[in-house]
Amino acid sequence: MPRYCKQRAAARPLRVGRRVITAVVMLGAVLSVGWLPARAASQAAPPEIPFDSVPDFFKMPADLYFGEVAGVAVNSHHHIFVFTRGNSTGPAYGAAAAQLLEFDANGNFVREIGHNLYAWSFAHSVRIDPQDNIWVADKGSDVVVKFTPEGRVSMVFGRKAEASDEGAHPLAHPQPPLPPIDGMFRQVTDMTWDTSGNIYISDGYINSRVAKYDRDGNWVGSFGEPGSAPGQLNTPHSIAIDHENRIYVADRGNRRIQVFSTSGKVLSIIHIDVPVPPDAPNAIGNRPKLGPDGTASGVGNQTMQPGAPWTLCITPGPTQYLYASDAFPGRIYKLSLDGKVLGWLGGSGRQLKKFGWIHALACPSENELYVGELLNWRAQKLLLHPR
């Protein structure tokens, strides 16, 4: 059997399993899933976590600037990698906007990685795997790239649209969505790895699924599809994994975090329901409407509702914590892995310790966070002081 046939054959059980899983979970939702949001809403109001932002932490060369900071990650040497929509070239609409920068543990600039890389189009996320390889997801080119720790390209996933195509244009969003294609992405967002080295890629704004590859980069299959039922996704915007190989997907448009097994089975659904004060500032745009209790309301795409997860990170160590952020009211939430909100910090604004659309979180320890912001064109180092 040709190699591509073997890969496609390997994908079928996962896809068929997804349909079975979705059907079973949708039936079970009537009986059981309803308690998940109720549990989150009924817990005592979580405390605000005191914290500091380290001023002027990132030391930039005189002629280098951050644009929108879409990704931030930390390696085992505590070097920080910032994926920014800087170094923009081209027209105001459709400009290439992606640049990968490395800083040392003290925030000193080290190098730029992948200067003039073919994949660079519109930065979305950067992650570091357990071997300190550097991975990026570029939403504009629909490509995921793996760099060695030395900064050389070692693996590529997906394919950039050909510039020579007569009808080259940004991806359309037809309804219903076009069927996904094995190994191809439509506005890819993020990636993570299990303990066996398998690769999971959140794909993304259009396909709304999670793609799975083995450690050698061979296509295995995918799970998820557009929708709002358990197991379905509306813009899987960020993805992370814990020590037990539970996969956490920021199902942003559905305002929830779905937790999956490595085979795509829904294990739990987490909602973040923390009341928002009536005078909480909004970073930009019209203020979202809230329910009478100060939590989220509305149907359809809930991207701008409080608790809608824009990004996720999970701490290392024997006791792991999940951090998530929203755009309004612009807070960071600390959760236990079973979904209990343990505390929150921040809010929308332009000064230090305030945030403008957090798009990236890195959490190398429980009380040290790195935050990438779109609207404020910056990254902050935060030190938490939980009571």
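Since every read-out is calculated from the coordinates, none of them should be taken as a lab result. This structure is a prediction, so every number in the text was calculated from the model and none was measured. Cβ coordinates were reconstructed from backbone atoms using ideal geometry, including for glycine residues, and neighbour counts include every protein chain displayed.
Please turn the phi angles of the stretch 360-366 into ³J(HN,Hα) values with the Karplus equation 6.51 cos²θ - 1.76 cosθ + 1.60 (θ = phi - 60°), one per residue in order, whole Hz, x for glycine and proline.
8, 9, 10, 10, x, 8, 4
Checking the cross-link filter: which lysines have an alpha carbon closer than 22 Å to that of LYS160, excluding same-chain neighbours under 8 positions apart?
Counting by Cα, and skipping residues close in sequence, LYS160 has these lysines nearby: LYS139, LYS146, LYS212.
Please say if the chain is rounded, prolate or oblate, where rounded means a/c under 1.5 for a ≥ b ≥ c the square roots of the C-alpha gyration tensor eigenvalues, and otherwise the choice is prolate for a/b larger than b/c and oblate otherwise?
It comes out rounded by the Cα gyration axes.
Give me the Kirkwood hydrodynamic radius of the stretch 102-195, using the inverse of the mean 1/r over all pairs of distinct Cα atoms, in Å to one decimal.
When all Cα pairs of the stretch 102-195 are included, the Kirkwood radius is 14.9 Å.
Quick one: compute the contact order of the stretch 39-151, relative version, from alpha carbon pairs under 8 angstrom and 6+ residues apart, as a percent.
19
List, largest first, the extents of the alpha carbons of the stretch 232-329 along their principal axes, each in whole Å.
Sorted from largest, the Cα extents of the stretch 232-329 read 40, 28, 23 Å.
Given a Förster distance of 41 angstrom, what is the FRET efficiency for ILE181 paired with HIS77, based on the Cβ-Cβ distance and rounded to 0.05?
Calculated value: 0.60.
Mind listing the Cα extents of the stretch 202-248 along all three principal axes, in Å, largest one first?
Computed over the Cα atoms, the extents are 31, 23, 15 Å.
Of the residues ALA360, ALA229, ALA168, which exhibits the maximal mean-square fluctuation in a Gaussian network model of the chain defined by a 10 Å Cα contact cut-off?
The residue that fluctuates most here is ALA168.
Return the sequence-ordered ³J(HN,Hα) values of the stretch 277-292 in whole Hz as given by the Karplus equation 6.51 cos²θ - 1.76 cosθ + 1.60 applied to θ = phi - 60°, using x for Gly and Pro.
Using θ = phi - 60°, the values come out as x, x, 9, 4, x, 10, 5, 6, x, 5, 5, x, 7, 10, x, x Hz.
Place a point 7 Å from Cα of ILE284 in the direction of its Cβ. Which residues in the stretch 323-363 have their backbone N less than 15 Å from it?
327-328, 330, 348-351, 355-360
Defining a contact as two alpha carbons under 8 Å apart and six or more residues distant in sequence, what relative contact order in percent does the chain show?
16
Classify the stretch 253-387 from the C-alpha gyration tensor, please: rounded if a/c falls under 1.5, else prolate or oblate depending on whether a/b exceeds b/c.
It is oblate, given that a/c is not under 1.5 and a/b is not larger than b/c.
Under 10 Å, Cα contacts only: if you run a Gaussian network model on the chain, which one of THR192, THR235, THR319 comes out with the highest mean-square fluctuation?
THR319
Looking at the chain, send over the antiparallel percent of its DSSP beta bridges, to the nearest 5.
Bridges in the chain are about 95 percent antiparallel.
Between GLU368 and MET155, what FRET efficiency follows from the Cβ-Cβ distance if R0 is 30 Å, with the result rounded to 0.05?
0.55
With the cut-off at 1.5 for a/c, could you classify the stretch 293-340 from its C-alpha gyration tensor as rounded, prolate or oblate?
It comes out prolate by the Cα gyration axes.
Neighbour counts of other C-beta atoms within 10 Å: give me MET191, MET155 arranged from fewest to most.
Ascending number of Cβ neighbours within 10 Å: MET155, MET191.
Can you work out the Karplus-derived ³J(HN,Hα) for every residue in the stretch 53-66? Use 6.51 cos²θ - 1.76 cosθ + 1.60 with θ = phi - 60°, whole Hz, and x for glycine or proline.
3J(HN,Hα) across the stretch 53-66, in whole Hz: 10, 6, x, 6, 5, 7, 9, 8, x, 4, 9, 10, 9, 6.
Which listed residue (SER263, PRO288, ALA250) has the Cα farthest towards the positive end of the charge dipole for the stretch 241-387, taking +1 on Lys and Arg C-beta and -1 on Asp and Glu C-beta about the Cα centre?
Selected residue: PRO288.
Longest exposed-loop-site-free stretch of the chain, with GluC sites (Glu not before Pro), DSSP loop and at most 15 other Cβ within 10 Å?
Answer - 1-149.
With a 10 Å Cβ neighbour count serving as the proxy for reagent exposure, in which order, fewest first, do SER336, SER164 appear?
Listing SER336, SER164 from fewest to most nearby Cβ atoms yields SER164, SER336.
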